[in-house]
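Report on the structure given below.
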Amino acid sequence: MTPEFLDDPYPTYRTWREAGPIHWRDDFFGGAWVLTRHADVEAALRDPRLSAQRTGGWVMDTTDNAEERRTLAPLQRLFARAMLFRDPPDHQRLRQVLQPAFRPERLAALQPEVALMVERLIDAVPIEGEFDFMAHMARALPAQVVARLMGLDADLQDDFLLWCEDLAAFIGAAQPTLEQARTAQRSLLDMAAYFERDLLPRRLREPADDWVTLLAQAQADGRIEAGAELVAQCAMLLFAGYETTRNLLGNGMLSLLKHPDQWQRLCEQPDLAAPAVRELLRFDSPVQWTGRRAATDVELAGQPVRRGQLVLALIGSANRDPERHPDPDTLDITRSNVGALSFGSGPHVCIGAALTQLEAQAVFKALAQRCAHWQLAAAPQRNGNPVYRGLHALRLRA
């Protein structure tokens with residue numbers, strides 16, 4: 001994970017794709033099969049022989065010390081119960097509970113509110129001089145949206161963001177350290193305590209039109225288990241609702257400004273925001289890979305894979321596969337039939353994909369209409385996370 005790779009992994013992905021569809025790499029989690037091409041990545045994400053339940057080794061392999069492993073049991077207990085890491089039938093059961101929150105009519109009703117949030121954030125940008133796009137827009141908007149949809153207490157927003165960043169540092173590490181695991185556990189337990197002791201009991205007493213009420217009611221009628229399973233879904237929604245969107249906004253803004261012909265085209269035609277967002281997702285995906293464990297001996301892309309071995313589906317590489325996307329290293333906001341895998345595929349496709357795209361479309365349409373004069377003011381600062389690819393800072397000049 002060299003600085004050069006973290007800054008731009010796509011030349012490395014191209015080398016791997018050209019060398020073959022699957023490779024064994026020791027530098028991912030102590031050893032994993034890496035799938036590089038679109039067809040194989042998509043097939044793996046749909047393959048029931050590959051299990052999403054992979055958190056045990058992930059957490060416990062951060063140390064060889066048995067006592068230290070025991071201290072990480074709370075982290076493993078919560079991670080393992082999140083919908084993201086569950087197989088059938090539990091995955092479908094949990095997804096059915098959450099699905100009403102993401103119905104098209106609910107998201108359509110949210111659209112004017114998100115557009116207003118975006119306008120207010122643009123209004124708050126300094127009229128002259130430099131500002132950090134990540135702080136002013138890319139972090140601020142998804143934080144406001146997820147707080148609104150979950151019914152979170154506004155005065156704890158800074159805590160929520162720090163918790164999410166600690167989790168991202170652990171989940172996104174190719175070789176998580178013991179310290180990263182400990183930090184993630186502290187933040188996850190703080191997050192869990194807030195939901196379990198404060199917000200969930202409140203929503204049982206005083207229901208509201210938010211996601212936490214939806215989960216609390218599902219627990220009350222027996223569709224979700226009380227305790228770790230319930231709290232894990234709350235934490236997953238908070239983390240996923242923030243992390244992917246902020247990185248899409250940051251990566252997308254940088255990509256447009258580095259391709260001035262595409263930025264100018266969007267500014268001239270703001271209604272291209274929807275296809276532009278789909279292309280930005282493909283061009284520089286906010287999630288670069290996802291993992292599965294082989295539940296049985298299988299053959300993937302002609303390679304025998306043993307039961308228990310880790311398989312990484314390289315989404316970032318698949319999205320640049322010339323067999324699927326002609327001229328893949330060119331940003332083209334009018335590209336048709338993009339079909340990127342940035343939100344996954346199959347049963348585990350991201351449940352919040354439409355919400356993330358709604359937010360991004362609102363941002364880039366408003367920026368195209370009002371902020372065509374924005375320019376890069378300094379070299380961007382990458383977050384150094386190989387999975388949740390994004391920016392720490394993006395200095396712009398208004």
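All of the numbers you see were taken from the coordinates with simple rules; none came from a lab. Note that the structure is a prediction, hence the values are computed from the model and not measured. Cβ placement follows ideal geometry from the backbone for every residue including glycine, while neighbour counts extend to all protein chains displayed.
Considering the dipole of the chain built from charges on the beta carbon (Lys and Arg +1, Asp and Glu -1) around the Cα centre, which of VAL363, ALA276, LEU237 is farthest to its positive end?
The residue sitting farthest along the positive end of the dipole is LEU237.
Sketch the reach of a paramagnetic label on ALA377 as a point 7 Å from Cα along Cα-to-Cβ, and name the residues of segment 134-164 whose backbone nitrogen lies under 20 Å away.
Residues passing the 20 Å test: 134-141.
Would you kindly state how much longer the chain becomes between GLU119 and ALA398 on full extension, computed as 0.36 nm times their sequence separation minus their alpha carbon distance, in nm to one decimal?
98.9 nm
Taking the dipole about the Cα centre of segment 189-288, with the C-beta of Lys and Arg at +1 and of Asp and Glu at -1, give me whichever of ALA218, HIS259, SER285 is farthest to the positive side.
HIS259
With +1 on the Cβ of every Lys and Arg and -1 on the Cβ of every Asp and Glu, and nothing else charged, how large is the dipole of segment 3-397 about its Cα centre, in debye rounded to the nearest 20?
Dipole size: approximately 760 debye.
Express as a percent, rounded to the nearest 5, the fraction of DSSP beta bridges in the chain (both residues included) that run antiparallel.
90
Mind checking the full-extension length gain between ALA193 and THR177? Use 0.36 nm per residue of separation minus the Cα-Cα distance, one decimal, nm.
3.3 nm is the gain from fully extending ALA193 to THR177.
Determine the shape class of segment 1-89: with a ≥ b ≥ c the square roots of the Cα gyration tensor eigenvalues, call it rounded for a/c under 1.5, and otherwise prolate if a/b is greater than b/c, oblate otherwise.
In terms of gyration-tensor shape, oblate.
Fewest to most neighbouring Cβ within 10 Å: what's the order for SER51, SER187?
Listed from fewest to most nearby Cβ atoms, that is SER51, SER187.
Springs between alpha-carbon atoms under 10 Å, Gaussian network over the chain: tell me which of ARG197, ARG69, ARG37 tops the mean-square fluctuations.
ARG197
Counting helices only, and only those DSSP H runs with n ≥ 4, report the 222 nm mean residue ellipticity of the chain as the sum of -39,500 (n - 2.57) divided by its residues, in deg cm²/dmol to the nearest 500.
-15500 deg cm²/dmol
Indicate the helices, whole DSSP H runs only, in the chain that combine a mean Kyte-Doolittle hydropathy of 0.5 or more with a Cα extent along their long axis of 20 angstrom or more.
157-171, 228-258
Could you tell me the calculated FRET efficiency between PHE5 and ASN337, based on Cβ-Cβ distance and R0 = 35 angstrom, to the nearest 0.05?
0.75
Kindly put ILE22, ILE224 in sequence by how many other C-beta atoms sit within 10 Å of each C-beta, fewest to most.
If I rank by nearby Cβ atoms, fewest first, I get ILE22, ILE224.
Just to verify a number: FRET efficiency for GLU299 and GLN92, C-beta to C-beta distance, R0 = 25 Å, to 0.05?
0.40
Between GLU206 and ALA108, what's the calculated FRET efficiency when r is the beta-carbon distance and R0 is 41 Å? Round to 0.05.
The calculated FRET efficiency here is 0.95.
I'd like the distance between the alpha-carbon centres of segment 283-328 and segment 194-224, rounded to an integer number of Å.
37
Which Rg and Dmax, in Å, describe the Cα atoms of segment 112-224?
17.1, 55
Sort 377-388, 103-114 for me by packing, meaning the mean count of neighbouring Cβ atoms within 10 Å per residue, highest on top.
377-388, 103-114
Counting other beta carbons within 10 Å of each residue's own, what order do TRP374, TRP263 fall into, fewest first?
Ordered from fewest to most neighbouring Cβ atoms within 10 Å, TRP374, TRP263 come out as TRP374, TRP263.
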